[in-house]
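Worksheet for the structure shown next.
All of the numbers you see were taken from the coordinates with simple rules; none came from a lab. From a predicted model like this one, the values you see are computed outputs, not experimental measurements. Cβ: placed from backbone, ideal geometry, glycine included. Neighbour counts: every protein chain shown.
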Amino acid sequence: MPDTAAQQPVRLAHLDAHRFRDWMARGGSTVIVPAGAFEQHGPHLPMGTDALLSATIAEAVAARMGAKVAEPFSYGYKSQQKSGGGDHLPGTISLDAAALIAQARCVIAGFLSQGVANVVVLNGHFENYQFLYEAADLALGDLRADGIGGGGGSAPSVLLLSYWDYVSEGTLAEVYPDGFPGWDIEHGGVLETSLMLHLHPELVGMERAVSHPPASLPRFDRLPVVAERTPETGCLSAPDGSDARKGELLFEQVAEDLAADLRQELGTA
Ligand code: ZN
Ligand code: MN
């Protein structure tokens, strides 16, 4: 096991608790919690795509700022037809809102109550966002009830973001030379496929990818879903034009800008 702080694993699950405590005692203050889903991503990407991407991006950000990464949430809130193809599709296994809020609330409150000053929830599954927000708010309420925090600069805090909100206009123009379809239908499309080709190429089957026009979905959500409205592939936009070079550009730009933003907001550790 490497022992200098710089060589220590960034993933807390790979670190022993004694060195975790030492890291906090030396001023380590930020833990990033990645949030994903277990969700079908068409014929060419694995079902763990959202959790794999949020965890890998979290590791790169943490390495740049001296933070640590908690284990990702590998299940997420229900896949919605207009953003993830739908919860009815085999290969998509979801948590309901109460379950996701309860789990995220425990994990956030747990780290903050043990002396971590800042938890950053790094989301990689569109449908999770509002429930993670609720979990953060309830976790801070739990701490206040226990007499921890209560406002002010040194009080525990939570930051919440979805990684695609850090993709710059310049990167978008390079990744989508024919025009950007919108984040909601970026499911199994060029962003996720390119990132996976760069970060986890052994898990991608481009020979199985299918080209089709972007999904055309109504402005309303209908429950139960009209299954035929989801394209046959389960992707809401096709992965046409995906490649590892675009994935590298997306990954490096997002990790760099996100780490800079977090350092400015929270300090270096
Ligand atoms: Zn996804
Ligand atoms: Mn998703």
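The Cβ shell under 9 Å around Lys78 holds other residues with a net charge of -3, Lys and Arg each +1, Asp and Glu each -1.
Partners of Lys246 within straight-line reach, counting lysines whose Cα lies under 28 Å from its Cα and excluding those fewer than 8 residues away in the same chain: Lys68, Lys82. From helices alone, the chain scores -12500 deg cm²/dmol at 222 nm; the rule is -39500 (n - 2.57) for each run of n ≥ 4 DSSP H residues, then divide by the residue total. Specify whether the C-alpha gyration tensor of the range 1-158 places it in the rounded, prolate or oblate class, a ≥ b ≥ c being the square roots of the eigenvalues: rounded for a/c under 1.5, otherwise prolate if a/b is larger than b/c and oblate if not. Oblate shape, in that a/c is at least 1.5 and b/c is the bigger or equal ratio.
Within the range 7-264, DSSP assigns beta bridges of which about 10% are antiparallel (rounded to the nearest 5). Mean separation of Cα pairs under 8 Å and 6+ residues apart, divided by the residue count of the range 7-264: what relative contact order is that in percent? Across the range 7-264, relative contact order equals 23 percent. Which residue, chosen from Leu45, Ala255, Tyr133, occupies the Cα position most advanced towards the positive end of the dipole of the range 7-264, where the dipole is computed from +1 (Lys, Arg) and -1 (Asp, Glu) charges on Cβ about the Cα centre? Result: Tyr133, furthest along the dipole toward the positive end.
For Leu95, the residues whose amide H sits under 5 Å from its own are Gly76, Tyr77, Lys78, ignoring neighbours fewer than 5 places away on the same chain, with H placed 1.01 Å from N.
Convex hull volume of the C-alpha atoms in the range 139-201, normalised per residue: 159 Å³. According to the Cα-based calculation, Rg over Rh for the chain is 0.99, with Rh computed by the Kirkwood formula.
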